[in-house]
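> Here's a structure for you.
The values are calculated or read from the model by the stated rules, or taken from the named source; none is laboratory data. Since the structure is predicted, the reported quantities are computational estimates derived from the model, not experimental observations. Cβ placement follows ideal geometry from the backbone for every residue including glycine, while neighbour counts extend to all protein chains displayed. Accessible surface areas use protein heavy atoms only, side chains included; no ligands, DNA or RNA. Shrake-Rupley method; radii C 1.70, N 1.55, O 1.52, S 1.80 Å.
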Amino acid sequence: SCSFKSYNGQIGLPLSVLNQNYTCDAFILEMGMNEKGELEKLVDLAPPDLVGMTCIEHVHMQSFESLEELIYEKSKLLSHSKTDCSLIPLDSKGYSILDEQALSSKMTFSLQKKEADYYLEETGEGLDVYYKEKKVLSFLDPLPTAIQHSNLLLSIALANRLGISWENIKKGIGNVSL
């Protein structure tokens, strides 16, 4: 089960929680914010077992004085005692803050740094995914931009952490279209 549409804020996320299918194996929520303090409330309402942090960019700063302030606010996603694992973008400008704030075990993903737990490499013919420096997937590139590649890699890492096989992940990637 997953969030309906963009129900990721103060009204939509609680509606998603109330309407969840309790027979599903996983319940995936997107938590978004517009102002300070909003994420903390959402994390308290639906404490995550597994967190996937997307890259933090200047485009998300509408209510914040600095990128650092935004990063600290977003890091609240990583600070609940119920969270078992946090997937953090090694390429993010705020990686060191996110790494410091995460209370759970941490794993990294990257489009640039091969030392990340999950690394995606463009090959010219497609994309290769490495897990702990071992190639685990190769496929044709279904997406046109780096930010979409980063989100795809995060989705792959989340699926892997949820126990989905590499074969089934590859099948799912075959269904990606814009």
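Table: residues versus (1) in a helix (DSSP H, G or I); (2) in contact with a strand residue (DSSP E or B) (Cβ under 7 Å, 6 or more places away or on another chain); (3) surrounded by 14 or more Cβ atoms within 10 Å (Cβ to Cβ).
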residue	(1), (2), (3)
TYR7	no, no, yes
PRO14	yes, no, yes
LYS36	no, no, yes
VAL43	yes, no, yes
GLU65	no, no, no
THR108	no, yes, yes
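> Taking LEU98, is it open to solvent by less than 40 Å² (accessible area, probe 1.4 Å), hydrophobic (A, V, I, L, M, F, W, C), at pLDDT 90 or above and within 27 Å of GLY163 (Cα to Cα)? I'd like the intermediate steps shown before the answer.
Numbers: open to solvent by less than 40 Å² (accessible area, probe 1.4 Å): yes; hydrophobic (A, V, I, L, M, F, W, C): yes; at pLDDT 90 or above: yes; within 27 Å of GLY163 (Cα to Cα): yes.
Spelling it out, LEU98 is indeed open to solvent by less than 40 Å² (accessible area, probe 1.4 Å), hydrophobic (A, V, I, L, M, F, W, C), at pLDDT 90 or above and within 27 Å of GLY163 (Cα to Cα).
> Tell me, yes or no, whether region 133-141 has at least one residue that is in contact (Cβ under 8 Å) with a residue 12 or more places away in the chain and of a type in the set (S, T, N, Q). I'd like the intermediate steps shown before the answer.
The first filter runs over region 133-141 and keeps only residues in contact (Cβ under 8 Å) with a residue 12 or more places away in the chain, leaving 133, 136-141.
If we keep only those that are of a type in the set (S, T, N, Q) too, we end up with 138.
There is at least one residue in region 133-141 that is in contact (Cβ under 8 Å) with a residue 12 or more places away in the chain and of a type in the set (S, T, N, Q).
> Can you name the residue in region 133-148 that is polar (S, T, N, Q) and either surrounded by 14 or more Cβ atoms within 10 Å (Cβ to Cβ) or more than 21 Å from ASP117 (Cα to Cα) (or both) and is also modelled with the lowest pLDDT among such residues?
In the first step, residues of region 133-148 are kept if they are polar (S, T, N, Q); the result is 138, 145, 148.
Remaining after also requiring either surrounded by 14 or more Cβ atoms within 10 Å (Cβ to Cβ) or more than 21 Å from ASP117 (Cα to Cα) (or both): 145, 148.
Details: THR145: 86, GLN148: 92.
Taking the candidates together, the pick is THR145.
> Considering each residue of region 156-178, count those that are open to solvent by 60 Å² or more (accessible area, probe 1.4 Å) and free of Cβ contacts under 8 Å to residues at least 12 places away in the same chain, and give that number.
Counting residues in region 156-178 that are open to solvent by 60 Å² or more (accessible area, probe 1.4 Å) and free of Cβ contacts under 8 Å to residues at least 12 places away in the same chain gives 6.
> Moving on. Take the conditions open to solvent by 30 Å² or more (accessible area, probe 1.4 Å), in contact with a helix residue (DSSP H, G or I) (Cβ under 9 Å, 6 or more places away or on another chain), modelled with pLDDT of 95 or more and of a type in the set (A, V, I, L, M, F, W, C) and apply them to LEU103. Does it pass? Full working, then the answer.
Working: open to solvent by 30 Å² or more (accessible area, probe 1.4 Å): yes; in contact with a helix residue (DSSP H, G or I) (Cβ under 9 Å, 6 or more places away or on another chain): yes; modelled with pLDDT of 95 or more: no; of a type in the set (A, V, I, L, M, F, W, C): yes.
Criteria not met by LEU103.
> Being open to solvent by less than 40 Å² (accessible area, probe 1.4 Å) and part of a loop (DSSP other than H, G, I, E, B) is the filter here, so list the residues in region 49-63 that pass it.
MET53, CYS55, ILE56, MET61
> Related question: Among (1) surrounded by fewer than 18 Cβ atoms within 10 Å (Cβ to Cβ); (2) touching a Leu at 6+ places or on another chain (Cβ under 9 Å); (3) over 30 Å from LYS135 (Cα atoms), which single condition is HIS80 missing?
(1)
> Something else: May I ask you to list the residues in region 136-153 that are assigned to a helix (DSSP H, G or I) and in contact with a Phe, Trp or Tyr (Cβ under 6 Å, 6 or more places away or on another chain)? Don't jump to the end; show me each part of the working.
Just the residues of region 136-153 that are assigned to a helix (DSSP H, G or I), to begin with: 146-153.
Answer for region 136-153, where residues must be assigned to a helix (DSSP H, G or I) and in contact with a Phe, Trp or Tyr (Cβ under 6 Å, 6 or more places away or on another chain): just LEU153.
> Of the numbered conditions (1) assigned to a loop (DSSP other than H, G, I, E, B); (2) at pLDDT below 95; (3) under 19 Å from the mean Cα position of the chain (by Cα), GLY124 fails exactly one; give the number of that condition.
Only one criterion is unmet by GLY124, namely (3).
> Restricting to region 83-95, give me the number of residues that are closer than 17 Å to VAL43 by Cβ, buried (at least 19 other Cβ atoms within 10 Å of the Cβ) and without any contact (Cβ under 8 Å) to a residue 40 or more places away in the chain.
The qualifying residues number 3.
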